Amino acid sequence: MKWFKRILVFALLLITAVLVHYYLPQRDIVKVVGTEVKRMDISKGSPFWDSPDVGTNNEATRDVRFISSVRENGKTRVYRNEDTGWSFPFYLKFDSSDLDAKAKEMTSKDDQWVAITHYGWRIKLFSIWPNATKVKPVSGPNALLIPWFNIVFLSILAFIFINIWLNLRRFKKKRIDPVTDKIGDMAEDAGEEISKGGNAVGKLFRRLFGTTRY
């Protein structure tokens, strides 16, 4: 039973960690080298794509904006640029076209480094890109970026988990442990009664059949 509880807790923590890592905002310092629009065939309900521009038809085949960039080490990084609208995740992003224009402006500045805020992963095997939510100019590739939102959010999440764990322990101590102790005592008493009954039956058989225990 203990192993089952440990596996269950580990699975819940792992799922929480994966979801938090995917949906929490992250920032990359890059140079924007171009933007483009691609015609994409997107399966309905795909978890790695968001919605088309607010006010347009939600079709399986649609145009998707992309932002191409390069890091200080020369590695490329591509982001999709989609609205999230009112749906989950609640970034309330309605300005993908404005973000595209802002990214294009950055390409005209040769030495302009920017911090691209995004969420999601880049998985080349499945053609999955992170979704950019904000583009902000920074002083250089080594600019200090403190993730205040993530710090506050993770602190609140840890506080909630700790409180749930403490409340479950209190509930177990007050409600469940007394019941299990009572059941254990009843089982022990029943075992003693069965043992006494067994001894009495043994004595009766010895009297009837004259058996003697050596």
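Identify the chymotrypsin sites (Phe, Trp or Tyr not before Pro) of the range 88-145 meeting these criteria: DSSP loop state and at most 10 other C-beta atoms within 10 Å of the C-beta. List each step's numbers first, then the result.
Values: sites: Phe90, Tyr91, Phe94, Trp113, Tyr119, Trp121, Phe126; in loops: Phe90, Tyr91, Phe94, Trp121.
Answer in residue order: Phe90.
Multiplying the sequence separation of Ile146 and Phe159 by 0.36 nm and subtracting their Cα-Cα distance, what value in nm do you get?
That works out to 2.6 nm of additional length.
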J(HN,Hα) series, the range 74-90, from Karplus relation 6.51 cos²θ - 1.76 cosθ + 1.60, nearest Hz, glycine and proline x: x, 6, 7, 8, 10, 10, 7, 10, 10, 5, 9, x, 8, 8, 6, x, 7
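Most exposed first by the Cβ proxy, i.e. fewest other Cβ within 10 Å, how do Asp98, Asp83 rank? Each step should come with its number before you reach the end.
Values: Asp98 11, Asp83 24.
Final ranking by Cβ density, sparse to dense: Asp98, Asp83.
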Segment Lys134-Trp121, extension gain: residue separation times 0.36 nm, minus the distance between their alpha carbons: 3.1 nm
Built amide H within the under 5 Å cut-off of Glu82, gap 5+: Ala132
Using θ = phi - 60° and Karplus 6.51 cos²θ - 1.76 cosθ + 1.60, couplings along the range 61-66 (whole Hz; Gly, Pro as x): 9, 7, 7, 10, 7, 10
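Which of the trypsin sites (Lys or Arg not before Pro) found in the range 14-89 are loop residues per DSSP with 10 or fewer other Cβ atoms within 10 Å of their Cβ? Could you put the intermediate results ahead of the total?
Working: sites: Arg27, Lys31, Lys38, Arg39, Lys44, Arg62, Arg65, Arg71, Lys75, Arg77, Arg80; in loops: Lys44, Arg71, Lys75.
Answer in residue order: Lys44, Lys75.
Computed from the coordinates by the stated procedures, all read-outs in this text should not be read as laboratory data. These numbers were taken from a predicted model, which means no experiment stands behind them. Cβ: placed from backbone, ideal geometry, glycine included. Neighbour counts: every protein chain shown.
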